[in-house]
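The values are calculated or read from the model by the stated rules, or taken from the named source; none is laboratory data. Bear in mind that the values here come from a model prediction, so they are computed numbers and not experimental data. Note: ideal-geometry Cβ built from the backbone for every residue, glycine included; neighbour counts use all protein chains shown. Areas reflect the complete protein model, heavy atoms only, side chains present, ligands, DNA and RNA absent. Shrake-Rupley method; radii C 1.70, N 1.55, O 1.52, S 1.80 Å.
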Amino acid sequence: MNLKSITNNFTKLFPGDFSGNQMQRQTPDVLFSTIEPADFDRTELIDFNEELSIEIGLGTLENNEDFLAAQDLPENIETYATAYAGHQFGNWAGQLGDGRAIYAGEILHGDHQTEIQWKGAGATPYSRHADGRAVLRSSIREYLMSEAMFHLSVPTTRALSLSKTGEDVIRDIQYSGNPQKEQGAVVVRTSESFIRFGHFELLSARNQTDLLKQLSDYTIEKFYPEINSENNPNQYIDWFQAICNRTLRMIIDWYRVGFVHGVMNTDNMSILGLTIDYGPFSMMDGYDLEFTPNTTDLPGKRYAFGKQGQISHWNLATLANAIFPLINDPEILEKILNDYGKRFWTEHDKMLADKFGFDEVLPEDERFFTEWQQLMQDLNLDYTLFFQSLEKPASEIKIDDFSNSFYRNLNENELKRLSNFIEKYQERKLKNKISETESLELMFKTNPKFILRNYLLFEAIQEAEKGCYELFFKLKEALQNPYENRFPEFNQKRPSKYDNQTGCSQLSCSS
């Protein structure tokens, strides 16, 4: 690996605390603090994403397993953690920061910059009375899911490696007062940038307008080349509009594949519109607008599947408040936010039209989509398998095609509702201006055949904790071609034995 190419431009550009003090504390007037990763004596590399490593300019592994576990680092790497703030479950939380993430720096490959950080490599000043470690359970989930989202064409951070640390970590998975020992692990994750809404919220809350402007200018210059920043009095308005555009695309893709983030706090919102911080997430099995995989999100279900569009809108409004000193125009910000709400539903309907194989959205489709949504909700049909059942010439679709998406036995009236909907769908397909073949091709590239369901991750984790990684690697292979049915054994609804299984259908933020 080309470790000497890793630089620390961020620490050269912005004010920081260079004391290396690990004590958890407030760090006013700085954007980062230098910190040394923890020492691990018995690290073990589980997997290395060589294709990604070559793509970002790090190259092949070449016996650099120690680096992947944040050990024996070369002198050019100055490790640090950043400070940010955020709203958690709608409430202002003040300073937060990288509590389990430590940066190695950035690498420039061609014109593309990639930030590299370890998750689980030890405590930082922002760990808030925690240990900065991660467990194998949550690390496997992030490693596989971030790559699954990439191959589903959903904007996301990516995972470079997964290593065991060789130490035990104490976690209370359900916050029930029964902590247990778990195996520790470290994930190396990469992104063009890990800057979040919360970085700007922190500076705004502290009235550090000059630093807020500096970070905004840096973000525009580095990551928003489409924004004309030279002598452009509207550059911050254009930038906020671009952030909204990227966030909108991400959320629509979440709905397209059935992803539920589970903890959409503003500190978990990427300024680049990337899916970030994989915690109590889940792919949706049975369709349920009120589904949240996060036990911490109960009973209010603020971050439920059906609310993700609304919450993204709310989070963008908090970002608008944070960068307001740079724009100072409430009317234009309000207009952009109002347009976001309108565009969201327009894009959502276009996405649904693609999933159904419609070449365009017709005026009557709003009623069609609403009826479909209520049908799915009432019958709790499997979201992914339902759309797969439609992927044949419309005239050939029969009600029996949907039996694999039932999570319970449907009564006669429910079967009749489904049958009536199939007829309406067949009638709607006749209004297409494209051929049936073209319609199916549209559906094939929009509707995945493989999604990384929580029960599959649960089974892989159970095996991995016993030292067996066969299912882990099989899932890794399957997720690389999610629009092909190469692994039909994974293209199944959640087995009933996992309906209320902790760590499968119910998760916490514990990691």
In vacuum, with every alpha carbon of the stretch 276-315 counted as one equal point scatterer, what does the Debye formula give for log10 I(q)/I(0) at q = 0.24 Å⁻¹? Two decimals, please.
-> -0.87
Give the residue from F197, N411, T11 lying farthest towards the positive end of the charge dipole for the chain; charges sit on Cβ (+1 for Lys and Arg, -1 for Asp and Glu) and the dipole is referred to the Cα centre.
-> N411
In range of the label at S403: residues from the stretch 375-390 whose backbone nitrogen is under 12 Å from the point 7 Å along Cα→Cβ = none
With the dipole of the stretch 261-373 defined by +1 on each Lys or Arg Cβ and -1 on each Asp or Glu Cβ, the option from I323, L362, G309 whose Cα lies farthest towards the positive pole is I323
Extension reserve of the E230-A130 stretch, reckoned as 0.36 nm per residue once the Cα distance is removed | 31.6 nm
Give the accessible area for M269 in Å² (nearest 10); use a 1.4 Å probe, count only protein heavy atoms, and leave out ligands, DNA and RNA.
-> 10
Toward the positive end of the charge dipole of the stretch 354-511, about the Cα centre and with charges on Cβ (Lys, Arg +1; Asp, Glu -1), which of L440, Q501, G467 goes farthest?
-> G467
Overall dimensions of the stretch 163-238 by Cα: Rg and Dmax, Å = 20.3, 59
Post the alpha-carbon centroid distance, the stretch 264-332 to the stretch 52-82, in whole angstrom.
-> 32
Scale the Cα Rg of the stretch 204-360 by the rule-of-thumb value 2.2 N^0.38 Å and send over the ratio, two decimals.
-> 1.12
Given H placed on each backbone N at 1.01 Å, which residues far from Q88 in sequence or on other chains put an amide H within less than 5 Å of it?
-> A93
List, largest first, the extents of the alpha carbons of the chain along their principal axes, each in whole Å.
-> 69, 58, 45
So which lysines pass the test for K307, namely a Cα distance under 16 Å, with those fewer than 8 places away in the same chain ruled out?
-> K342
Relative to a virtual label point 7 Å from the Cα of N245 in the Cα→beta-carbon direction, which members of the stretch 325-342 show backbone nitrogen distances below 20 Å?
-> 327, 332-342
Based solely on C-alpha atoms, express the radius of gyration and the Dmax of the stretch 253-295 in angstrom.
-> 10.6, 31
Isotropically averaged projected area of the stretch 1-144, using the convex hull of Cα atoms (one quarter of hull area), nm² = 9.8
Distance-filtered residues of the stretch 70-95 - backbone nitrogen under 12 Å, label point 7 angstrom along Q26 Cα→Cβ | 94-95
In terms of the Cα gyration tensor, with a ≥ b ≥ c the square roots of its eigenvalues, is the stretch 239-327 rounded because a/c is under 1.5, prolate because a/b exceeds b/c, or oblate?
-> prolate
Net dipole in debye of the chain [+1 Lys, Arg Cβ; -1 Asp, Glu Cβ; about Cα centre; nearest 20] = 1100
Could you let me know the centre-to-centre spacing of the stretch 159-186 and the stretch 396-441, using Cα atoms, in angstrom?
-> 45
